[in-house]
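The values are calculated or read from the model by the stated rules, or taken from the named source; none is laboratory data. Here the structure is a predicted model, which is why all the values come from computation and not from measurement. Methodologically, a virtual Cβ is constructed for each residue, glycine included, from the backbone with ideal geometry; neighbour enumeration extends over all protein chains shown.
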Amino acid sequence: MFEKESTLPITEVVTPAATGSFRFWFADHRWEWSDEVAAIHGYAPGQVDPSTELLLSHKHPDDRNEVAETLATVLETGLPFSSRHRIIDTAGRLHHVLVVGDQLEDAEGAVIGTAGFYIDVTTTVAAERRDIIDDELPDMLAARETIEQAKGALMAIYGINAQQAFSVLVWRSQETNTKLRVLAEKFLAEVAGLRGAETRTRTRTRFDHLLLTLHDRV
């Protein structure tokens, strides 16, 4: 198992980007990772039971405290969150990841945890996403300006580059079975409504929630 103070040399990852989902229940601090999130950390499907301790052990030492503080805030407030930080997998490879979490509610609407996604932004769009891109190409050409504007909003909020922003849009399109053009158009319409937010932090929180629930608004 990966040790917190591993002596493995840290190397930049060169494999295609990956995306995956997670859930975290507040009551018993129980985590659930998709196979893709496990793979980002260097594990085979079902190889480990994720925990907060294991999760933090994989954070780059310079990012670990900040991520721990983010988790503590989420536990205390139950609010949506986003974090961009570095992960060191079991082979000592460095991954830059964007993690976005929204509120996980029970049947009565009470917040019982957080659920969201990881995206490995170390490299460009994964090769296995090419079929999705090819399927959407006619719509992309017809709505290039809309998609570029949506990418620009993601780049500004999350501090990522154009390829990484496009990867987020394609991933949400695939996960929600929503055409990329439709997703981008609705995204821009909803983002326009965030302009009156009181603070940058409040805007970011509302943006995170919007990104994860956009398909319900289409």
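Identify, please: which residue in the range 55-67 is in a helix (DSSP H, G or I) and in contact with a strand residue (DSSP E or B) (Cβ under 8 Å, 6 or more places away or on another chain) and is, among those, farthest from D89 (Cα to Cα)? Talk me through it step by step, then tell me what you get.
Filtering the range 55-67 down to residues in a helix (DSSP H, G or I) leaves 55-57, 61-67.
The next check asks that each one be in contact with a strand residue (DSSP E or B) (Cβ under 8 Å, 6 or more places away or on another chain); those that pass are 55, 62-63, 66-67.
Numbers: L55: 10, D62: 15, D63: 14, E66: 18, V67: 16 Å.
Among them, the one singled out is E66.
Rundown of residues vs (1) surrounded by fewer than 17 Cβ atoms within 10 Å (Cβ to Cβ); (2) more than 15 Å from D102 (Cβ to Cβ); (3) at pLDDT below 80; (4) in contact with a strand residue (DSSP E or B) (Cβ under 9 Å, 6 or more places away or on another chain), yes/no style:
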residue	(1), (2), (3), (4)
L169	no, yes, no, no
R181	no, yes, no, no
A184	no, yes, no, no
F187	no, yes, no, no
G193	yes, yes, yes, no
T205	no, no, yes, yes
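Pairs linking a residue in the range 47-64 that is in the same structural domain as I88 (by TED's automatic domain parsing) to a residue that is among the acidic types (D, E) and surrounded by fewer than 17 Cβ atoms within 10 Å (Cβ to Cβ), with Cβ atoms under 9 Å and 6 or more positions apart or on different chains, are P50/E32; S57/E3; S57/E5; K59/E66; P61/E5. All of T19, T11 fail the test of being over 23 Å from L71 (Cβ atoms) and modelled with pLDDT of 50 or more, apart from T11. So, in the range 73-110, exactly how many residues are farther than 21 Å from H41 by Cβ and either assigned by TED's automatic domain parsing to the domain that holds A156 or exposed (fewer than 14 other Cβ atoms within 10 Å of the Cβ) (or both)? The number of residues fulfilling the criteria is 9.
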